[in-house]
Structures are given as C-alpha cells and as structure tokens.
Amino acid sequence: MGRTVVVLGGGISGLAASYHLSRAPCPPKVVLVEGSERLGGWIRSVRGPDGAVFELGPRGIRPAGVLGARTLLMVSGRVEQVSELGLDSEVLPVRGDHAAAQNRFLYVGGALHALPSGLNPSLTLKVASLAMDSLCRGVFAGNSRELSIRSCFPSLFQAEQTHRSILLGLLLGAGRGPQPDSALIRQARAERWSQWSLREGLETLPQALNTHLTSRGVSVLRGQPVCGLSLEAEGCWKVSLGDSNLEADHIISAIPASVLSKLLPAEAAPLARALSTITAVSVAVVNLQYRGGRLPVQGFGHLVPSSEDPGILGIVYDSVAFPEQDGSPPGLRVTVMLGGSWLRTLEARGSVLSQELFQKEAEKAAATQLGLKEPPSHCLVHLHKNCIPQYTLGHWQKLESATQFLAAQKLPLTLAGASYEGVAVNDCIESGRQAAARVLGTEPNS
C-alpha cells in the first residue's frame, strides 16, 4: 500500500499542495478535506446581473519574481509536454505602460497623492510613516506598530533602502532563485506586467485546480469540517470528520494556525500553544458599481492611512485594471476595503456588524475620496471574519519553535497557508508547493 497524505483546507494553499503532490512521479494517495461546501478559500468571484465580475477577495496576482513566475507556470499551457492548467487564453494582464501599473495613490489631507513620487513637498517628512502605516493596512489590514516588518516585508528587513525604493520594492514585488520559464512568463517579462487576473474572475484558478485534481485521482471532500486529530500507535494520524474518520501517514495543514491549534492532540500541546498566538483580523469588502461614474484619477487604487480614516483601508479601482470585467453596458467598478482599529473596536464591543453599516461607510468613502456621489447601481457587501493573519512582533520565533518541535517529535505534519510566511496569493501557492516538496522528500527513492 502507498502512503496517504491528507491535506486540510481547500483554499489556494491546500489546492496547490494537493496539485504538486498529485504530479509526483509516484504520487501518494491524496485526500483534500474542506470544511465548507466550496473550494478556493478567500478567492471568490461573483457575476453581476449585467455580466460584470466582482472579486470578493484577491483581485489580481503579481507576476514579479520567482513566486510570480511559478504561479504563471502553473496556469500556463504546456511545459516539457506535461499538461498544466491551460488557462493562458483566460489571462487578463495589466502591462507596465498601463495606468493601473504606473499609478497608485495615498489619500492624505483630503486629497489623492501619487506614489511613490509626486507627494506634496509639505508631506515628505511624514511620507515614510504614512506609507508604512498605509501599506500595513493595505496588505495586512493591521497596525504598523504591532506588526513585524521582518516577517511581513522580508525584503525590507534584508536591505537598507531609501524611503522611495522601499515603496518601490513593496509596490513592484521581489523574489530570488532560478526563474521558471514558459511563453506566458516571457510575455509577462517583456510587457512588464504589474498584475494579472482571469477573464471570469480569479476563482477560475481554484476551479481549474479542482478539475485537475479530480482527473488525477485526488479525493476532494467538501462540507467536511475536521473535528480532531489523534496519533495512532503506529505513528499514523486519525482525522475525525464528525461521523467518519480518515487515516493518514502524513498531514499537510493549510487551515489557519489558530484553527489547527484547537485540533491537535495532547502530545502536540507546545505546538498548539505557539500556533494559537497567530491571530487574524477581519475585513469588510464592499463592491460598488456606478452607471456613468467617473474617477478623478486613473490608477490601481489608493490606500488610506489610519490618521485619515480609522475604518477605510483603501479603495481599488477595478475598472481601470480590468475593464474587460465591467459588464454590458459597462459600469464603473470600485472596491472599498474596511477594517483596522474601527472594525476591531466594533467587534470588541459586540456591535451589530450589519451590511447596511458597511455599505453606508463605503458609499461615504467613495463620495468623499473619489467624488462618486450618486447612489451605486449595484452593491455587494461581505464581511470576511479572521481573513488576514497578523505577523506580530516575534512571529519568526514562533515559526522557528514550531519547526523545531515538529522535527524533534518527528511528527508527520507539515504547515502551509497564509498563517506563516506570506498572505498574498503567490505566497500561499508557494507554501503549498513547498509543503508538498517536503512530504515527497520523505518518499523512498524520491
């Protein structure tokens, strides 16, 4: 009998881990377990009545660096005669000469200021702290004073740079190591893509991965929340799914660290304690569509420092980057992100977090910050509870102690997902790839 690997979590990290396991020369038996009825995690695309595409989570993927290239390789057509996902024809790129690639803004003092240059000279003394505050809010929906720059932005930790190049590094992305190669990667490099999406929305990617996994014999179980994990005498795992059990020689956990901490057996108590301290924050995403609305600027979007508005994290100008998704007749689409201390305070007070509240705040921000004063023709409101892990000070020590515990105890458990080393889509896909590689590295003659 071959080995059985159970992957916990059907978000993009768990799907990527299962994908790479299934493509091994002698693949183990793979079972992917997802607690909800749908795959893809926070990646979710919804079509409006006019055919417009609304992203409820991530809305674009960066092609920069090695990780960006690896993701493009996965969605590409054929590499060395091995069929990949074949989504080439669905890719919508944002080329380097496009406004959405060149222009990003900061909303300060009641006005939009272009980043990384073009800031009002009177703001230059404040720009470093404002930009870092805004970026921590824009990427992690977190507080720059509480987050670990070493863990959140490792490229900043590794290099002393000017304020301007810090911003450029964060805006353009980075990555080291040997570059993968495909026609799509070469095109992205030649045209200097800043990001890309898929014609029917980013959820096309997890859907394609699911189809691919099923074709390769991976068992995909949906609507099966894991109730507990226990170690059997022979070193195998028993995975409890409520009314049934699975046996696994190895587990890849791609569920949030705090969720996994509650499932671990008593033998793994030190690991559970470390994982339980990796918390996450909630973000409300409000998609707005306007008939005949016009933006005052053209670009990717703008970030809002906490000093300007404690609740609004930023606004993305979806129609600028991906007009192909505007529907017919085309309407202006923007997405307002709400979170930060304002939302944390509401949650702590036990306030009613109603759709009406988020819609009202989002429409007010669109009117004040972008001049979109007419009521939207279409609105979607979603509160994503605990969706962005917070890499607080000391985060890397937690990861180090978790790794040491797993090695010392020889636990057949590998960690993957956004809780650990990056929250972007590319980071999550890479964490799944690395988890699969570690498991396959324990295979005989692999």
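The values are calculated or read from the model by the stated rules, or taken from the named source; none is laboratory data. Source: prediction; values computed, not measured. Every residue, glycine as well, gets a Cβ built from its backbone with ideal geometry; the counts of neighbours run over all protein chains shown. Protein only, heavy atoms only, side chains kept; ligands, DNA and RNA dropped before computing areas. Shrake-Rupley method; radii C 1.70, N 1.55, O 1.52, S 1.80 Å.
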- prompt: Can you give the FRET efficiency for Ser215 and Lys126, using 1/(1 + (r/R0)^6), R0 = 56 Å, r = Cβ-Cβ distance, to the nearest 0.05?
  reply: 0.55
- line: Between Ala408 and Ser276, the two model label points (7 Å from Cα along the beta-carbon direction) sit apart by a distance in nm of 1.9
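Determine the alpha carbon to alpha carbon distance for each of Lys29/Lys385; Lys262/Lys410; Lys126/Lys398 and list only those over 22 Å. Could the numbers behind the result be given before it?
On the way: Lys29/Lys385 33 Å; Lys262/Lys410 20 Å; Lys126/Lys398 33 Å.
Too far apart for the 22 Å limit: Lys29/Lys385; Lys126/Lys398.
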- prompt: Where nothing but the Cβ of Lys and Arg (+1) and of Asp and Glu (-1) is charged, how large is the charge dipole of segment 272-411 around its Cα centre, in debye to the nearest 20?
  reply: 380
- request: Excluding residues fewer than 8 places away in the same chain, name every one of the aspartates and glutamates whose C-alpha is closer than 18 Å to that of Lys238.
  value: Glu34, Glu247, Asp249, Glu267
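Using only C-alpha atoms and all pairs of different ones, pull out the Kirkwood radius for segment 1-59 in Å with one decimal.
Details: mean 1/r = 0.0758 Å⁻¹.
13.2 Å is the Kirkwood radius here.
What percent does the relative contact order of the chain come to when contacts are Cα pairs within less than 8 Å and at least six residues apart? Walk me through the intermediate numbers first.
Numbers: 894 pairs, mean separation 112.2, N = 446.
It comes to 25 percent, rounded to a whole number.
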- request: Would you mind computing, in nm to one decimal, how far apart the modelled labels at Gln187 and Glu37 are, each placed 7 Å from Cα along Cα→Cβ?
  value: 3.6
field: Helix-only CD estimate at 222 nm, as mean residue ellipticity for the chain, using -39500 (n - 2.57) per DSSP H run (n ≥ 4)
entry: -10500 deg cm²/dmol
- prompt: To the nearest µm²/s, what D does Stokes-Einstein give for segment 243-313 at 4 °C and 1.567 mPa s, using the Kirkwood radius over alpha carbon pairs as Rh?
  reply: 75
query: To the nearest 20 debye, what charge dipole does segment 195-343 have about its Cα centre, counting +1 at the Cβ of each Lys and Arg and -1 at the Cβ of each Asp and Glu?
result: 340
- prompt: Among all the lysines, which ones have a C-alpha under 22 Å from Lys364's C-alpha, if same-chain residues fewer than 8 places away are not counted?
  reply: Lys373
- line: Between the modelled labels at Ala233 and Ala266 (7 Å from Cα along Cα→Cβ) the distance in nm is 1.8
message: Nothing charged except the Cβ atoms of Lys and Arg (+1) and of Asp and Glu (-1): what's the magnitude of the dipole of the chain about its Cα centre? Round to the nearest 20 debye.
response: 520
query: Using a Förster distance of 51 Å, how high is the FRET efficiency between Glu400 and Gln298, based on the Cβ-Cβ distance and rounded to 0.05?
result: 0.70
field: Binned Cα-Cα distance frequencies in segment 174-249 - 5 Å width, integer %
entry: 3, 10, 12, 13, 14, 13, 8, 12, 9, 5, 1, 0
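Over all directions, average the projected area of the Cα convex hull of the chain and note it in nm². Display every interim value, and only then the final one.
Numbers: hull surface 88.4 nm².
The Cα convex hull of the chain, projected and averaged over all directions, gives 22.1 nm².
What Kirkwood Rh does segment 214-277 have if only Cα atoms enter the pairwise 1/r average? Answer in Å. Present the calculation step by step, with values, prior to reporting the outcome.
Working: mean 1/r = 0.0777 Å⁻¹.
Computed over Cα pairs of segment 214-277, the Kirkwood hydrodynamic radius comes out at 12.9 Å.
Pick out, in residue order, every one of the trypsin sites (Lys or Arg not before Pro) in segment 288-397 that is DSSP loop and has at most 12 other C-beta atoms within 10 Å; say none if there are none. Numbers along the way, then the final one.
Details: sites: Arg291, Arg294, Arg333, Arg344, Arg349, Lys360, Lys364, Lys373, Lys385; in loops: Arg291, Arg294, Lys373.
Of the trypsin sites (Lys or Arg not before Pro), the ones in loops of segment 288-397 whose Cβ has at most 12 other Cβ atoms within 10 Å are Arg294, Lys373.
When only C-alpha pairs under 8 Å and at least 6 residues apart count, what is the relative contact order of segment 1-91, in percent?
With pairs under 8 Å counted, the relative contact order is 18 percent.
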- prompt: In square angstrom, rounded to the nearest 10, how much accessible surface does Asp243 have for a 1.4 Å probe?
  reply: 140
message: I need the Debye-formula profile for segment 342-446: one equal scatterer per C-alpha, no solvent, reported as log10 I(q)/I(0) at q = 0.17 1/Å, two decimals.
response: -0.95
